[in-house]
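Take a look at the structure below.
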Amino acid sequence: MMKINLVAMFCILILACQSKTQAEKGTVASSPVFSDTTATATFAGGCFWCMEPPFENLAGVTKVLSGYTGGTEVGPTYHEVGSGKTGHMESIQVTYDPRKVSYAELLNVFWGNIDPTDNGGQFVDRGNQYRSAIFYHTPEQRVLAEATKESLAKSGTFGDSKIVTAIKPATTFYLAEDYHQDYFKKDPDDYHRYRNGSGRDAFIESSWHDKGWRADTVNIVSYSKPADSIIKELLTPEEYYITQKGGTERAFSNAFWDNHEDGIYVDIVTGEPLFSSLDKFDSGTGWPSFTQPLVDKNVVETDHSLVATVGSEIHSAVGKSHLGDVFNDGPPPTGLRYCIDSGALRFIPAKDLKKEGYGRFSSLFEK
């Protein structure tokens, strides 16, 4: 066989994602979708050619698209992003059915296909446009992303190396040019030459296989409040008004006043577990009512001495989200009524507790 010039081969690998000659036009935006059967996740893990296959092979994933996000340029092209001047990162947008695959499982696939300690790119591709990042669309995605990152850092999987993968609010996602979509199917030989030569496969084999750590087994144990600008992006105007400005929603026309499903209620901003359906009762007021918190330290009263008269305002411990008020006219066993605004809560059904990172509460609903 003819010998291959190693220097020339290395140059080819570096240019593999940077030397396309097709004429390019401005790219178009792709909007995230969320419903009971469809959700969106966005990840950056270096060359997007290599990030598509692991997710496309995952049961419950319906679509994976390559694109650009995180920058300011409108409709950036591949060459513009590759120059590093637009601020965008090569990324993928994953559409999935949350009934079949959880976001925690998607995070597990993401972490297991990147080098989370590389602050200058990924493998042979260098520059900010090739760095790794998780772009969250919802408060729960942010909480799970941060929880898994913290867990990974503490696991010792990468020794003393810092986990530098960024966790950012999702911005406009621009679809990459058609020739990039499913490139591993369009030109498998070129794709595998690039992937194998880039060092990604060797890193995954040596750094991830048989390490034992998995993102989809991480329970959320710590919480943090995002910046106000991010909270505004994540919440509806009413949810923001309730949680950040101490507002109140209308009785009998809110999400959870008559919800009877088993599960827990968490802070819509931080994910702190607050109340359980096991302590919920019909107070006749038109707001979700509970006899006690699920985790006492996560629910803070303004002034307990006011409970017996006008009630005491309550908020979440870390997020400082306004939740509602507590009164002393509730049923046994506490005699208290925690009157809560639905707009301050996110409900997690009992069947989804483990995949949402709240597995430690699953035993409460086991019969």
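The values are calculated or read from the model by the stated rules, or taken from the named source; none is laboratory data. No experiment lies behind these values; they were computed from the predicted model shown. Cβ: placed from backbone, ideal geometry, glycine included. Neighbour counts: every protein chain shown.
For the reader, a short list of remarks on this structure follows.
- Filter result for the condition that a residue is of a type in the set (G, A, S), crowded, with 16+ Cβ neighbours inside 10 Å and within 26 Å of A317 (Cβ to Cβ), over S289, S222: S289
- Taking the criterion of being part of a helix (DSSP H, G or I) and within 22 Å of the chain's Cα centre (by Cα), the residues of region 205-236 that qualify are A215, D216, T217, D228, S229, I230, I231, K232, E233, L234.
- Answer from G319, G357, G343 - the residue that is at negative phi, part of a loop (DSSP other than H, G, I, E, B), surrounded by 15 or more Cβ atoms within 10 Å (Cβ to Cβ) and not charged (D, E, K, R): G319
- Of residues in region 51-92 being over 30 Å from A350 (Cβ atoms) and among the polar types (S, T, N, Q), the one farthest from the chain's Cα centre (by Cα): S83
- Complete set of residues in region 129-152 that are crowded, with 17+ Cβ neighbours inside 10 Å and more than 13 Å from the chain's Cα centre (by Cα): Q129, Y130, R131, S132, S151, L152
- Checking region 183-199 against the condition returns no match, with no residue being in a strand (DSSP E or B) and either in contact (Cβ under 8 Å) with a residue 40 or more places away in the chain or exposed (fewer than 14 other Cβ atoms within 10 Å of the Cβ) (or both).
- Verdict on A170 being modelled with pLDDT under 90, of a type outside the set (S, T, N, Q) and not assigned by TED's automatic domain parsing to the domain that holds A317: no
- When R214, R195, R142 are screened for being touching a strand residue (DSSP E or B) at 6+ places or on another chain (Cβ under 6 Å) and among the basic types (K, R), only R142 passes.
Listed here are the residues, each with its yes/no results for (1) within 18 Å of the chain's Cα centre (by Cα); (2) of a type outside the set (D, E, K, R); (3) at pLDDT 95 or above.
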| residue | (1), (2), (3) |
| --- | --- |
| V94 | yes, yes, yes |
| A104 | yes, yes, no |
| N108 | yes, yes, no |
| I114 | yes, yes, yes |
| T117 | no, yes, yes |
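- Positions within region 45-83 being surrounded by 15 or more Cβ atoms within 10 Å (Cβ to Cβ), without any contact (Cβ under 8 Å) to a residue 60 or more places away in the chain and more than 27 Å from L107 (Cβ to Cβ), in sequence order: E73, E80
- Applying the criterion of being of a type in the set (V, I, T) and surrounded by 16 or more Cβ atoms within 10 Å (Cβ to Cβ) to the residues of region 292-316, the residue that is nearest to S363 (Cα to Cα) is V299.
- Enumeration of residues in region 94-122 that are touching a residue at least 60 places away in the same chain (Cβ under 8 Å) and over 23 Å from L175 (Cα atoms): R99, S102, A104, E105, N108, G112, D115
- For region 84-96, the candidate set comprises residues that are buried (at least 19 other Cβ atoms within 10 Å of the Cβ) and in contact with a Lys or Arg (Cβ under 9 Å, 6 or more places away or on another chain); within that set, the residue that is nearest to I114 (Cα to Cα) is M89.
- Unmet requirement for S132, which otherwise passes all of (1) closer than 18 Å to P54 by Cβ; (2) polar (S, T, N, Q); (3) modelled with pLDDT of 95 or more; (4) in contact with a helix residue (DSSP H, G or I) (Cβ under 8 Å, 6 or more places away or on another chain): (4)
- Among the residues of region 238-266, those identified as among the charged types (D, E, K, R) and more than 18 Å from Q292 (Cβ to Cβ) are E238, E239, K245, E249, R250, D258, E261.
- Restricting region 326-340 to residues that are aliphatic (A, V, I, L, M) and not in a loop (DSSP other than H, G, I, E, B), the residue that is farthest from H304 (Cα to Cα): I340
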